[in-house]
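Asks: Please find one structure pasted underneath; my questions will follow.
The values are calculated or read from the model by the stated rules, or taken from the named source; none is laboratory data. What you are looking at is a predicted structure, and each value in this text was computed from that prediction instead of being measured. Glycine also receives a Cβ, built like all others from the backbone with ideal geometry; neighbour counts cover every protein chain displayed. Heads up: the accessible areas ignore ligands, DNA and RNA and are worked out on the full protein's heavy atoms, side chains in. Shrake-Rupley method; radii C 1.70, N 1.55, O 1.52, S 1.80 Å.
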Amino acid sequence: MSEYQLQEIPVGPYRHLVSERAVSGETMLLNMGPQHPSTHGVLRLLLELDGEVVVNCIPDIGFLHTGVEKNMEAKTYQKAEVMTDRLDYMNNMGNNLAYVMAVEKLVDLDVPPRAQALRVILTELQRIASHLVWLGTSGLDLAAMSMFLYCFREREIILDIFELVSGQRMMVTYFRPGGVWRDVPVEFEAAVRNFIKIFPKRIDEYEALLTKNPLWLDRMVGIGKLDAATALQHGVTGPMLRASGVNWDLRKTRPYAGYEQYDFNVPVETKGDTYARYIVRVQELRESLKIVEQALNKLPLGPVHSDNRKFVPPPRSEIGTSMEALIHHFKLWTEGFPAPKASVYSAIESPRGELGVYLEGDGGPKPYRVHWRTPSFDNLSVISKIVKGHLVADLIAILASTDIVLGDIDR
Amino acid sequence: MGVEQKLGNLGIVTTTLETTVNWARTNAMWPMLFGLACCAIEMMSAQAADYDMSRFGMELMRPSPRQSDLMIVAGRVSRKMAPVLRRLYDQMPEPKWVIAMGDCASCGGVFNNYAVVQGVDEVVPVDVYVAGCPPRPEALIHGVVTLFEKVKGEKFKDLVKA
C-alpha cells in the first residue's frame, strides 16, 4: 500500500511557478488530473490551494500528444486529411474544411458552389453538435445530469446525417481538395429539414432548464471573469472572446466558403464570465441553425467537385472508357499531386475559435511542414489568470466554460 | 440426479458458487470513467440516451479506479500517458478487466509514430479488443457483452495469484 499512499507533491520542480507561501508550507500543492472526470480529457492541473481557494493553477499538457503534424508530413496531401479528423475530435468537419482550404489555396484550386454550400451546412451542423457536447458535459460537471442525456439525444440526429453523407459518424473525411467526396444522397435534404424543424423547440427546452435556473446562475454568474484586454493578449478566440465583448468572428471578418451570402448574427456578451460564455454558445446554436436553413434553401445544383483532373480523381464511369482518366486516377492514388514551393495559412471559425492551418509545400506531393493553430491551446493559456481567487468547485465551472478539447491542444 | 428430483417442484435452483458469482459480476460491472481521446466521445454516446449501456448493468461510471472493475481504454495512449494508465490499472482492485476500445488502443491505429504506444497491451493486459475508429456505440456494447461471456466462464482458481 505504501507505494500509493497520498504523497505530498514536492515544491522543488515547481519552485518558479508557485508562490512563496508554497515554499513555507502555508499553501498546499494538489494534482487534478490527468485522470479526472471534469478536465474533459487528459489534462493535468497543478493547483496551489489556500484551503479551498485557488492561489495558482498550472496546466500541464501533452498527455494526448499524438504527433499528428509529423504524421501529416509523411503522407500525400490527400491522405494526410484523415489525420485532421482526429485532432479536434468534436469538430471533424471543421478540421477537414480548414485543411482542404489550405490545400486549395496552395495549389490554386476552385470549388463549385454546390460543394461550398454543402460545406457550410455540414460545418454548421458540426458546430451545433460540438456545442451540444459542451452543454451536456458542462451540465454534468455542474450536476445537471439530465442535460447530458438531452444534448446527446439531439447530437445523435446530427451524427446520423453525417453517417448518411460520409459513412462515418465522427471521422468523416468528407471534404476533399476541390470539393466534397460525393454528392449527398437524396435523403439528405429531408433529414436536415427534420432537424431544422425539431431543434428550435429543443433549444427552448434547454434554456427553460438552465438559463434562469437559480442553481445554474449561482454557479456561473461572476465566476471566471475574463476582460477583453487579457483575452486579446493571450490570443483567445471564439465564443470565449465574444463573451468578453470583442466582436470577432472569422465568418464575418474574413468570410470563407461563401459565408458572406448568409444572414446571421454574431452573439456578443460583455460580462466575460462563465455565464456569458454559456449565453453566447446557446445563441450560437440558434444562429448556426439559421445558416443551415438558408444554405439548404439556396443549395445550388451542379457538380460537387472541381473538374481539374490534376487534383481531383475522375469518376468511376470515366475510368473504364478514357485512357486519360485512368492515368490521372493512377497518378493521383500512387503519387499524389505536387504542390508548389510556397507556404499558405488558412483559418476558419471552429466551435472553439480560430482554427488555422499552416502548410508549406516543397514542390513534391507531400507537405514539407504542417502546423495547426488550434484555438483550445490559446484558450487554455488564459485559465491560470481567471481562476485565481476562486474556489476549486468554481474551477470546474470555469474549465467547463472554456470548452477545451485535449486532442486540439496536444495535437 | 440428486437434490432437484428429490425436492420436486419447490422453486429451488441448484448451481455452483462460481457461476453465481460470475453472474453477479456481469450484471453490475462498474467501468472507470476514463476517457482519452475521440473514442471517449463514443463511449459517452454509449452511455447516453440512444444507446443506454445501463441496460447491461453499466450505468455507474466510477471516476475512481478504487471502485471500478473495468477499464475501458478509450483512445490513443501517448508515451506520456502510458505510466499514468499503468498506475490507474494497478490501483484497481482485483478482479479487473480491460477493454481496448478502438484501433489506437488496440494497435496504434493510424498513428504509427514516435508519440503513440502501439497498442495498450504493451502496458496493461487486455481482455477484449474493439475495432473501429472510433467504434460505434453498438460495437462497444458488443465488446462489453463479449467480455461478459468471458467473465461467465472464469474459474476461481485462475484468479488466485500464486
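Asks: Principal axis lengths of region A:315-391 from Cα atoms, whole Å, largest first?
Replies: Principal extents (Cα only, largest first): 71, 28, 17 Å.
Asks: For the protein assembly as shown, what proportion of DSSP beta bridges, expressed in % and rounded to the nearest 5, is antiparallel?
Replies: Numbers: 31 of 42 bridges.
In the protein assembly as shown, DSSP labels about 75 percent of beta bridges as antiparallel.
Asks: May I pose another question? Mind checking the per residue accessible area of the protein assembly as shown for me, 1.4 Å probe, whole number of Å²? Before the final figure, lay out the partial values.
Replies: Details: 23880 Å² over 573 residues.
Per-residue value: 42 Å².
Asks: Per DSSP H run of at least 4 residues, take -39500 (n - 2.57); add these up for chain B, divide by its residues and hand me the 222 nm value, nearest 500 deg cm²/dmol.
Replies: My calculation for chain B gives -10500 deg cm²/dmol from helical runs alone.
Asks: How much of the pair distance distribution for region A:65-172 lies past 19 Å, counting alpha-carbon pairs only, in percent?
Replies: Working: 3007 of 5778 pairs.
Here the long-distance tail beyond 19 Å is 52 percent of all Cα pairs in region A:65-172.
Asks: Something else now. Of B:Cys107, A:Cys151, which has the most accessible area and how do the rest follow, probe 1.4 Å?
Replies: Working: B:Cys107 75, A:Cys151 0 Å².
If we order B:Cys107, A:Cys151 from most to least accessible, we get B:Cys107, A:Cys151.
Asks: At 222 nm, what helix-only mean residue ellipticity would chain A give, in deg cm²/dmol to the nearest 500, using -39500 (n - 2.57) for each DSSP H run of four or more? Display every interim value, and only then the final one.
Replies: Values: 18 runs with 194 residues, N = 411.
Value at 222 nm, helices only: -14000 deg cm²/dmol.
Asks: Also, quick follow-up: Work out the mean other chain Cβ neighbour count within 10 Å for the residues of B:49-55 and drop it here as an integer.
Replies: What the average comes to for B:49-55 is 3.
Asks: List the lysines whose Cα lies under 25 Å from the Cα of B:Lys152, skipping any in the same chain that are fewer than 8 positions away.
Replies: B:Lys96, B:Lys161
Asks: At each listed q (0.10, 0.15, 0.18 Å⁻¹), what is the log10 of I(q)/I(0) that the Debye formula gives for region A:211-370 modelled as equal alpha-carbon point scatterers?
Replies: -0.60, -0.95, -1.11
Asks: In region A:17-49, which residues give up 40 Å² or more of accessible area once the other protein chains are added, compared with their chain alone (1.4 Å probe)?
Replies: A:Gln35, A:Pro37, A:Val42
Asks: Could you state the angle between the C-alpha long axis of helix A:92-107 and the longest principal axis of the C-alpha atoms of chain A, as a value from 0 to 90 degrees rounded to the nearest 10?
Replies: It works out to around 50 degrees.
Asks: Continuing with the same structure: Given +1 on the Cβ of Lys and Arg, -1 on the Cβ of Asp and Glu, and no further charges, what dipole in debye does chain A carry about its Cα centre, rounded to the nearest 20? Kindly include the intermediate steps, with their values, before the conclusion.
Replies: Working: 45 positive and 51 negative charges, 155 e Å.
Charge dipole of chain A: 740 debye, to the nearest 20.
Asks: Counting DSSP beta bridges with both partners in region B:8-121, what percentage is antiparallel, nearest 5?
Replies: Details: 1 of 9 bridges.
Antiparallel: roughly 10 percent of the beta bridges in region B:8-121.
Asks: Let me ask something else. Quick one: with all protein chains in place, what share of the accessible area of region A:208-301 is carbon or sulfur, to the nearest percent (1.4 Å probe)? Kindly include the intermediate steps, with their values, before the conclusion.
Replies: Values: 2190 of 4110 Å².
So the carbon and sulfur contribution to the accessible surface is 53 percent.
Asks: Report D for region A:222-287 in µm² per second (integer): Stokes-Einstein, Kirkwood Rh on Cα pairs, 37 °C, 0.692 mPa s.
Replies: Numbers: Rh = 12.1 Å.
So the translational diffusion coefficient is about 271 µm²/s.
Asks: Measure out, as a whole number of angstrom, how far apart the alpha-carbon centroids of region B:33-68 and region A:333-391 sit.
Replies: After rounding, the separation between the Cα centres reads 31 Å.
Asks: Quick one: if the Förster radius is 35 Å, what FRET efficiency do B:Lys150 and A:Asp160 give, using the C-beta to C-beta distance and rounding to 0.05? Please report the intermediate quantities before stating the final value.
Replies: On the way: r = 32 Å, r/R0 = 0.91.
For B:Lys150 and A:Asp160, the calculated efficiency is 0.65.
Asks: As I understand it, the dipole of the protein assembly as shown uses +1 on the Cβ of Lys and Arg and -1 on the Cβ of Asp and Glu, about the Cα centre. Which of A:Ala190, A:Ser401, A:Leu109 lies farthest toward its positive end?
Replies: A:Leu109
Asks: List the aspartates and glutamates whose alpha-carbon lies under 14 Å from that of B:Lys157, not counting same-chain residues fewer than 8 positions away?
Replies: Filter leaves B:Glu18, B:Glu94.
Asks: So if a site counts as exposed when it's one of the GluC sites (Glu not before Pro), its DSSP state isn't H, G, I, E or B, and it has at most 14 other Cβ atoms within 10 Å, what's the longest stretch of chain A without one?
Replies: On the way: sites that count: A:Glu8, A:Glu26, A:Glu52, A:Glu335.
With a cap of 14 other Cβ atoms within 10 Å, the longest stretch comes to A:53-334.
Asks: When the accessible area of region B:19-162 is computed with all protein chains present and a 1.4 Å probe, what percentage of it is carbon and sulfur?
Replies: Working: 3410 of 5920 Å².
Its accessible area is 58 percent carbon and sulfur atoms.
Asks: Which residues of region B:110-127 bury at least 20 Å² of accessible area once all protein chains are present, versus their chain alone (1.4 Å probe)?
Replies: B:Val110, B:Phe111, B:Asn113, B:Tyr114, B:Ala115
Asks: Running a GNM on chain A with Cα contacts under 10 Å, which residue among A:Pro351, A:Pro300, A:Pro214 ends up with the highest mean-square fluctuation?
Replies: The residue that fluctuates most here is A:Pro214.
Asks: Given the Cα-Cα distance of A:Val221 and A:Asp307 and 0.36 nm per residue of separation, how much length would full extension add, in nm? Don't jump to the answer; show the numbers that get you there.
Replies: Working: separation 86, 0.36 × 86 = 30.96 nm, distance 5.32 nm.
Answer, rounded to one decimal: 25.6 nm.
Asks: List the trypsin sites (Lys or Arg not before Pro) within region A:11-111 that fall in a DSSP loop (any state other than H, G, I, E or B) and whose Cβ has at most 11 other Cβ atoms within 10 Å.
Replies: Working: sites: A:Arg15, A:Arg21, A:Arg44, A:Lys70, A:Lys75, A:Lys79, A:Arg86, A:Lys105; in loops: A:Arg15, A:Lys75, A:Lys79, A:Arg86.
Sites meeting the loop and neighbour criteria: A:Arg15.
Asks: Can you give me the Cα centroid spacing of region A:205-256 and region B:75-131 in angstrom?
Replies: So the two Cα centres are separated by 36 Å.
Asks: Right, another one. Set the Förster radius R0 to 45 Å, insert the Cβ-Cβ distance between A:Glu318 and B:Ala24 as r into 1/(1 + (r/R0)^6), and round the FRET efficiency to 0.05. Please report the intermediate quantities before stating the final value.
Replies: Details: r = 62 Å, r/R0 = 1.38.
E(calc), rounded to 0.05, equals 0.15.
Asks: Across 5 Å bins from 0, what is the distribution of all Cα-Cα pair distances for region B:1-160, in whole percents?
Replies: Per 5 Å bin, starting at 0, the Cα pair percentages come out as 2, 9, 17, 20, 18, 12, 8, 5, 3, 3, 2, 1, 0, 0.
Asks: Mind listing the phi-derived Karplus ³J(HN,Hα) values for region B:102-118, rounded to whole Hz, using 6.51, -1.76 and 1.60 with θ = phi - 60°, and x for any glycine or proline?
Replies: Listing the rounded values in order: x, 5, 4, 5, 7, 8, x, x, 6, 9, 9, 8, 5, 9, 10, 5, 7 Hz.
Asks: List the residues, sorted by chain then number, that are 5 or more residues from A:Arg44 or on another chain and whose placed amide H is less than 5 Å from its amide H.
Replies: Excluding prolines and chain starts, which carry no amide H, the hits are A:Asp60.
Asks: Something else about it: Ordered by residue, what ³J(HN,Hα) values in Hz, to whole numbers, does region A:360-375 give under the Karplus form 6.51 cos²θ - 1.76 cosθ + 1.60, where θ = phi - 60° and Gly and Pro are x?
Replies: Coupling constants for region A:360-375: 10, x, 10, x, x, x, 10, x, 6, 8, 10, 10, 10, 9, 9, x Hz.
Asks: What value does the protein assembly as shown have for Rg/Rh, both radii from Cα atoms and Rh as Kirkwood defines it?
Replies: Details: Rg = 25.5 Å, Rh = 25.4 Å.
Result for the protein assembly as shown is an Rg/Rh of 1.00.
Asks: Additional query: Could you pull out every one of the aspartates and glutamates with an alpha carbon less than 14 Å from that of A:Lys70, ignoring same-chain neighbours closer than 8 positions?
Replies: Correct list for A:Lys70: A:Glu81, A:Glu360, A:Asp410.
Asks: A further question on this structure: What net charge is computed for the residues neighbouring A:Ser146, neighbours being all others with C-beta under 12 Å from the C-beta of A:Ser146, Lys and Arg scored +1, Asp and Glu -1? List each step's numbers first, then the result.
Replies: Values: positive: A:Arg153; negative: A:Glu205.
Its environment carries a net charge of 0.
Asks: How far is helix B:137-152 tilted off the main Cα axis of chain B, in degrees rounded to 10, range 0 to 90?
Replies: On a 0 to 90 degree scale, this one is about 50.
Asks: Over both sides of the A-B contact, add up the buried accessible area with a 1.4 Å probe and give it to the nearest 100 Å².
Replies: 3200
Asks: So, one more: Within region A:350-411, what whole-number % of the accessible surface is contributed by carbon and sulfur, with the 1.4 Å probe and all protein chains included in the calculation? Numbers along the way, then the final one.
Replies: Numbers: 870 of 1630 Å².
For region A:350-411, the apolar C and S fraction of the accessible surface comes to 53 percent.
Asks: Under the Karplus relation 6.51 cos²θ - 1.76 cosθ + 1.60, θ = phi - 60°, what is the ordered set of whole-Hz ³J(HN,Hα) values for region A:209-217, x standing for Gly and Pro?
Replies: Each residue's phi maps through the Karplus curve to give 6, 10, 4, 10, 5, x, 5, 4, 5 Hz.
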